[in-house]
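> My questions all concern the structure below.
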Amino acid sequence: MNPRLNSAVKVTALAAAVIFSAAGFAQDNSSTSNWSTTTQQQDPNGAFNPSRTKVTHTEADGRSIDNKSVQVLGPDGRYVPYSDVETESVKVNSTTVRTIQRAYGTDVDGRRVLVQVREEESSKLPGGEMKVTRTTSNPDADGKLQVVQREIADSKLVSPDVRDTKTTVLTPDIEGRFSPSVQIDERQKKNSDGSVEFKKSTQTSDGSGGWQTSEVREGVSKVENGQEVGKEETVSRPNGDGKLGVVERTVTKASSSAPGDSRRTTETYSTNVPGVANDSGLQLVRRETISSQTSPTGEHSTTRQVEHTTPGTPEDGLRVTEKTIDIVRPGANGMADQKRTVMGPDADGRLREVWVDVGKTDNPAAVQVDTKAPPKQQ
């Protein structure tokens, strides 16, 4: 095996986590905007290696380029490259956008190594139809890119209020021939009260030409004034007899007391409760609360708190397992200061800082007090 590729394994998981969400891959590049964000990450307790991240965004003439570079502190006290993600989107015409993302890691000698490439082309067709094709390629032992997955999504309006989307994932067999391995069918229906019903069924190939349902997600989303104010969703999977049964249910409620102030709570009920038999039915296992406030001076803060049941003693109820505080302070010359603090419980259950991320940005979205800072690297 190529030693450079072999030594790059250490960065594959990180680079893949940094990018490649199937949704939102393409962008609208009709405007002209350039901005950059630099952040410094460190662990106050010294348990994790400090890092720093720089994100740049440029767009003009239908072309958008995003670069995300992560560096870590080296043995000699200097920062060295760790991973890079390059994303380029081109507006081919009024209906088609083509995007390519390249993820790079570093080998043991500090040389940049290509880890993964993803390409997407999305097109809007007459009648509300949309088509998306995606390919994922990884380097082989000789460093040559090989397609490891293809994805084709076709979305159609079957009526003014109903949209169906069919997604097929194709993977290669041992001879390199591609065949469908996963099929996903989705339907969204808008109701007269503004709510949206949805259902998503996932089927996997049984290897002999047949299909087996592996998961069904369905529910309803409530919308008021263009904003989602509530959502209920159930997840069903096959049981030991092959029959579908509900294994999870989530309930989301959102509210706003004033412009710039909001609160969103999501509770998750599951049959998989640590320390409890699976035949005990749905029980509350997780709660996530996100609250945002904007001060008269324009400072914007967002607090995310996550609670879980205690493994082995679920009867004790939920306890806080993570708390994240994001603060954006608009400054002079179109700049804004950002700070993210991640807290977790110590051995005594008290919350302590485990990660701090500080930086500056001239991203208009952040400066205008709509914080969407890039995910922190850990």
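> So, in segment 311-322, exactly how many residues are part of a loop (DSSP other than H, G, I, E, B) and without any contact (Cβ under 8 Å) to a residue 12 or more places away in the chain? If you could, list the steps in order and put the result at the bottom.
Of segment 311-322, the ones part of a loop (DSSP other than H, G, I, E, B) are 311-313, 317.
Filter again for without any contact (Cβ under 8 Å) to a residue 12 or more places away in the chain, leaving 317.
Summing the residues that are part of a loop (DSSP other than H, G, I, E, B) and without any contact (Cβ under 8 Å) to a residue 12 or more places away in the chain in segment 311-322 gives 1.
> Here is a follow-up. Which residues, counting only those in segment 228-285, are open to solvent by 40 Å² or more (accessible area, probe 1.4 Å) and touching a Pro at 6+ places or on another chain (Cβ under 8 Å)?
Answer for segment 228-285, where residues must be open to solvent by 40 Å² or more (accessible area, probe 1.4 Å) and touching a Pro at 6+ places or on another chain (Cβ under 8 Å): L244, P274, G275, Q283.
> Moving on. I'd like the full set of residues that are in a strand (DSSP E or B), among the hydrophobic types (A, V, I, L, M, F, W, C) and exposed (fewer than 14 other Cβ atoms within 10 Å of the Cβ), limited to segment 41-95.
Narrowing segment 41-95 to residues in a strand (DSSP E or B): 41-42, 51-60, 63-73, 79-91.
Right, trim to among the hydrophobic types (A, V, I, L, M, F, W, C) and you get 55, 60, 65, 70, 72-73, 80, 85, 90.
Those that are in a strand (DSSP E or B), among the hydrophobic types (A, V, I, L, M, F, W, C) and exposed (fewer than 14 other Cβ atoms within 10 Å of the Cβ): A60, V80.
> Only one residue in R98, R112 is surrounded by 13 or more Cβ atoms within 10 Å (Cβ to Cβ), of a type in the set (D, E, K, R) and modelled with pLDDT under 95, so which one is that?
Of the residues listed, the single one that is surrounded by 13 or more Cβ atoms within 10 Å (Cβ to Cβ), of a type in the set (D, E, K, R) and modelled with pLDDT under 95 is R112.
> Could you go through segment 145-155 and let me know if any residue there is free of Cβ contacts under 8 Å to residues at least 24 places away in the same chain, assigned to a loop (DSSP other than H, G, I, E, B) and surrounded by fewer than 16 Cβ atoms within 10 Å (Cβ to Cβ). Explain how you work it out, then say what you get.
In the first step, residues of segment 145-155 are kept if they are free of Cβ contacts under 8 Å to residues at least 24 places away in the same chain; the result is 146, 149, 152-153.
Applying the additional criterion that residues be assigned to a loop (DSSP other than H, G, I, E, B) yields none.
Scanning segment 145-155 turns up no residue that is free of Cβ contacts under 8 Å to residues at least 24 places away in the same chain, assigned to a loop (DSSP other than H, G, I, E, B) and surrounded by fewer than 16 Cβ atoms within 10 Å (Cβ to Cβ).
Residues checked against (1) surrounded by 16 or more Cβ atoms within 10 Å (Cβ to Cβ); (2) touching a strand residue (DSSP E or B) at 6+ places or on another chain (Cβ under 9 Å):
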| position | (1), (2) |
| --- | --- |
| T303 | yes, yes |
| R319 | no, yes |
| E322 | yes, yes |
| R329 | yes, yes |
| A336 | yes, yes |
| R340 | yes, yes |
| M343 | yes, yes |
| A347 | no, no |
| V354 | yes, yes |
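> Which one is surrounded by the fewest Cβ atoms within 10 Å (Cβ to Cβ) among residues in segment 305-317 that are at pLDDT 90 or above and among the polar types (S, T, N, Q)?
Checking each candidate, the answer is Q305.
> Mind telling me which of the residues T133, T167 ends up being within 20 Å of the chain's Cα centre (by Cα) and surrounded by 17 or more Cβ atoms within 10 Å (Cβ to Cβ)? Outline the logic, then answer.
Values: T133 fails: surrounded by 17 or more Cβ atoms within 10 Å (Cβ to Cβ).
When all the criteria are applied, what remains is T167.
The values are calculated or read from the model by the stated rules, or taken from the named source; none is laboratory data. Nothing here was measured: the structure is a model prediction, and the numbers come from that model. Every residue, glycine among them, receives a Cβ derived from its backbone with ideal geometry; neighbour counts consider all protein chains shown. Just the protein is used for accessible areas: all its heavy atoms, side chains included, with ligands, DNA and RNA removed. Shrake-Rupley method; radii C 1.70, N 1.55, O 1.52, S 1.80 Å.
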